[in-house]
Every structure is written in structure tokens, then in C-alpha cells.
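The values are calculated or read from the model by the stated rules, or taken from the named source; none is laboratory data. Since this is a predicted model, take the numbers as computed values, not measurements. Positions of Cβ are backbone-derived with ideal geometry, glycine not excepted, and every protein chain shown enters the neighbour counts. SASA here: full protein model, heavy atoms, side chains in, ligands and nucleic acids out. Shrake-Rupley method; radii C 1.70, N 1.55, O 1.52, S 1.80 Å.
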Amino acid sequence: MQRVNLSTASEFVFVGLSDAPKIRLLLFVLFLLIYLATMAGNITLLVAISTDSHLHSPMYFLLGNLSLLDLLCPTITVPKMLGALLLEHKKISFSGCLFQHFSLIAVVGTEIFLLAVMAYDRYVAVCHPLRYPSIVSTKLCAQLAVGTWATGLLNSLLHTSLVFTLSFCGANKIQQYYCDIPPMLALSCSPTHSRELVILVVAGVLGSGACVLTVVSYIYILLEILSRNSPGIWHKAFSTCGSHLTVVCLFYGTTICTYVRPSFTYSLHRDRVVSMLYGMLTPLLNPIIYSLRNKEVKCALKRVISQVKRAL
């Protein structure tokens, strides 16, 4: 079989979407509604955090970063997917695929690290409330946020360079609706074992480390609250922490399942569902879980809505 170096390839073709016209239209409407709801929820939350002085604190600064990531994640993949579903524009250029791959891995990686930082922030606030202002200062919070973005970008740069220096054969058909690591590795006709090992080690160490930090922080939070003799606090804590852990486990579980495994285990149907969970569902759920259950955010949203009404 003739090998074609990726540098000479001009485009790729997505074949991970249904070819049935009726199903395509249904999927287009469904994904469009999810995308619009995700945009509306995260933009509203960003506006509330940036304009309301009551929310100018480390916790809400980190939450604003999470909302920004949840805006970027679906925006990287969903518009192209909607175009493929409605207009059958399934082709993407080499530069477009590279940019999409780099951007998506950067955003997903940054969100993994940011969730760990947010869990640590809540641990300090609950378990060491008197020391919280001195431990989680504004300067430290900004440094942690910058660190998560920098680590996510460097992690993406490594993975993108490993994947996009491979050779590819055939019609360059990607078995997915966006450019991701597993389908790109499966598409390659170059030896990928050494690169897969590097990807598995890096993703496993960074992802597992962030996941462990997040889960341990929430465990300490629950233990601290259980030690307080107040059933009302118990109920509130289990409700809030349970919701947070549900989203965190969903995001970590799907991303680790996607990236921390060999390429020969890639499955079109299973991986398409898994990728939609962390690419579309968690950005939709995060504003609900992290903000709409928060009284301060609810009050801020009411004030923003009142200002908009007065302006209109």
C-alpha cells in the first residue's frame, strides 16, 4: 500500500455521522439545541461573574475560567458537526484538522487541571475557613489559573506533535465527527507504538493525578462536614458535593476512557458516544451544577436580568 505523508495531504473526511437524511435532521436539531443552551448558560454565568462585585472572589474567578472552557470545548467541534449534518460538508483541511485537534486537546486538558484546582479551593474553604483568605489569595488564584492553561497548552502541543508527524494511507477518512487522537492514530499506517506509549504515560500521569487530587479533596470535604453535628449542613453538603462529583466523574471517566488506552481498542460507535459526553454534555451541565445551585450566583443573575430589563 502506498504511503502518503501527512504534510502532502490537503484534507480529511469525517465519516462518523449518520448518512440517513431523517436521522441527520433530527441529530442536527438536537445538537443545535444543546449547543445553544450551553452557550446561553455559560455566557450568562460569565456576565454575572464579571459584572457583579459580590462574585469577585477566587472561587468565582475559577468558575469563570470553567465557563470559558465550556464555551470553547463545544465551539471547537459542534459547528463543523452541524455543517456536516445539515449541508453534508464533511471535509476538513489539513490545517483545520490540526488546529481543531490542538485546540480541543488544550481545552480538555486545561479543564481537567482546573477541576482539580477548584476542588482544592473548596477543600481549603471548608476545612480551613479561617486560613482561606491567606492560603488562596488573589495572586495564588491567578497563578493557578495561568498554570492550568499553560499546562493544557503544553500537553496539547506534545500530543499534537506526536500525532501530526505520522504518515497516513488511503482516503484519509476519520471515523469520528472531529479530529481526535484515537481516530487519527487508527488512521495512520506508520508505526504508532512508541508514540502511543508516550501519550498513554503522559495522559495517564497527568489525568490520574488531577483526578486523584479532585476526589481526595471532596472526600476531605465530606469528612469535615460529617464531623459537624448538623443534619441540615449534611444534606446541603451531600447535595452539592454529590452533584459536583457526578460531573467530575463523568468528565474524568469519559476523557480517560478516550485517551488512556491503545488505538487498536478504538470503536466508532462507542467512542462517538463517549466523546459527546465530555464534549457536549458536561459543558451543558457545569453551569447548572456549579452555579444554579448557588444562592450567590442566583442573586447575581437576578440583578443582571433586572439591569437588562431596565436598559431595554
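So here's what we get for this one:
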item	result
Complete set of residues in the range 177-196 that are modelled with pLDDT of 80 or more and assigned to a loop (DSSP other than H, G, I, E, B)	Tyr177, Tyr178, Cys179, Asp180
Per-region count, the range 150-160, residues touching a residue at least 40 places away in the same chain (Cβ under 8 Å) and open to solvent by 60 Å² or more (accessible area, probe 1.4 Å)	3
Leading residue by the ranking (nearest to Ser103 (Cα to Cα)) among those in the range 161-214 that are crowded, with 16+ Cβ neighbours inside 10 Å and of a type in the set (Val, Ile, Thr)	Ile181
Residue within the range 156-175 that is assigned to a loop (DSSP other than H, G, I, E, B), under 19 Å from Phe251 (Cβ atoms) and either of a type in the set (Phe, Trp, Tyr) or in contact with a helix residue (DSSP H, G or I) (Cβ under 9 Å, 6 or more places away or on another chain) (or both) present	no
Residue that is nearest to the chain's Cα centre (by Cα) [pool: residues in the range 80-102 that are at pLDDT 90 or above and open to solvent by 20 Å² or more (accessible area, probe 1.4 Å)]	Phe102
Residues being hydrophobic (A, V, I, L, M, F, W, C) and modelled with pLDDT of 70 or more - total across the range 251-272	3
Exclusive hit being open to solvent by 50 Å² or more (accessible area, probe 1.4 Å) and over 17 Å from the mean Cα position of the chain (by Cα), set Leu72, Leu30, Leu68, Leu55	Leu30
So Asn42, is it more than 23 Å from Val136 (Cβ to Cβ) and either of a type outside the set (Asp, Glu) or crowded, with 17+ Cβ neighbours inside 10 Å (or both)	yes
